[in-house]
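A short reminder: the numbers here are calculations on the coordinates, not readings from a lab. Predicted model, so just to flag it, every value in this text is computed and none were measured. So basically every Cβ, Gly included, is an ideal-geometry build from the backbone, and we count neighbours across all protein chains shown.
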Amino acid sequence: MATPAEQFRRQSTAIQRREKVIVFFLRASAWIILLAGATVLGTIAWKGAGTLLQPNFPFINITFLAEAPQTLHVFELDGETVEMSDQDFREFRAKLAEEAAASGESAIVPDSTSYVYAAGGIFPNIVGTLLLVAGSMSIALGLGIATAIYLSEYARQGSTVRFIRLAILNLAGVPSVVFGLFGFGMFVLFFGWNVSLIAGWFTLAFMVLPVVITASEEALRAVPQGFREGALALGATRWQTIRRAVIPHALPGILTSSILGIARVAGETAPIMFTAAFIMRDKLPWEVDRWFDFFFQGVMALPYHIYVVSSKIPQNEYSARVQFGTALVFVLLVAVIASASLFLRHRIRARQRW
């Protein structure tokens, strides 16, 4: 005869056992994804820290963050291996020539091995990436929010609007290289903008536009209908209702679309390769003769720099340092921009009382 404890013990059924297996599978999948992401980010952080950080004050490699990419020269001097950037190596050779001329002897310049883009820094690339993100997201948010407001608040819901929404969803799945070719044909060739900031802005903006429209429209539709009805009942116009009662409460969701857009825009290589990016440029974007030339010039960018250093030049230990250092700065830059958007969304959401 079963004891009272055995009588009230929970019996495991076949359904419960299957559910445990499913839960274990879901948990294992989540941990595998987290482990893979942590491995990738950990590798970038570990190897990139050797380039970005230094043991002495100020503990950050300012040269890497403040200078343009240069060629690295490696040579033997007094039994030691010396590494110099192209600019320093030129000054070193000039100094040797002056000393030799003063002493009446011929200058002995050591033979060096050069490595492209393995010295200097990535400051122009950081500037170009920030400009591309800021300009493209400004265009995408302006057009995307306006489109979402029209589809959600003004358009008559029917087959035409459903077809437009379906087309927008399909555009979200188009590969980025297709947008790059579109931008090259439309903005670079047809409009005659050449490889420039403005061509890259519009190409990246159109690429991320489906994400912004979809997320913004969902945020607008999530605002209770009673807010609209109450404002209209008090005599507000349709636009006043949208501006005062709908958009403020939809802003957190709209900012979510900006976070998703920033992550995609900042990391794309193919679109800017066709429309905006240069491998090397001597001047910074604001160093122009006329103010409007600022918009019609190409820039250097972090993702394109990583692509070039990783695949278009001979690989060695010196190029590897630049690859991982640039990747670490790139990840940190995107994280800072996304964190700022998250902080702004949290502040706006904390002020709202539904």
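Listing for the model above:
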quantity: Convex hull volume per residue in cubic angstrom - Cα atoms of the stretch 51-145; calculated: 147 Å³
quantity: Exposure proxy ranking, count of Cβ atoms within 10 Å, fewest first, for ASP111, ASP293; calculated: ASP111, ASP293
quantity: Qualifying lysines (Cα of each under 26 Å from Cα of LYS312; at least 8 residues distant if same chain); calculated: LYS47, LYS283
quantity: At 1.567 mPa s and 4 °C, Stokes diffusion of the stretch 269-326 via Kirkwood alpha-carbon radius, µm² per second; calculated: 102 µm²/s
quantity: Taking THR237, THR63 and counting other C-beta atoms within 10 Å, the order from fewest to most; calculated: THR237, THR63
quantity: Principal axis box of the chain, alpha-carbon based, largest edge first, Å; calculated: 100, 77, 37
quantity: Charged-residue dipole, Cβ positions (Lys, Arg, Asp, Glu), the stretch 69-120 about Cα centre, Debye nearest 20; calculated: 200 debye
quantity: Neighbour-count ranking [beta-carbon atoms within 10 angstrom, fewest first] of GLU98, GLU80, GLU218; calculated: GLU80, GLU98, GLU218
quantity: Kirkwood-type radius of the stretch 69-120, with distances r between different C-alpha atoms, in Å; calculated: 11.5 Å
quantity: The stretch 162-217 - Rg over Rh from alpha carbon coordinates, Kirkwood radius; calculated: 1.04
quantity: For the stretch 89-121 versus the stretch 279-322, the gap between their alpha-carbon centres in whole angstrom; calculated: 26 Å
quantity: Computed helical MRE - 222 nm, the chain, DSSP H runs ≥ 4 contributing -39500 (n - 2.57), nearest 500; calculated: -21000 deg cm²/dmol
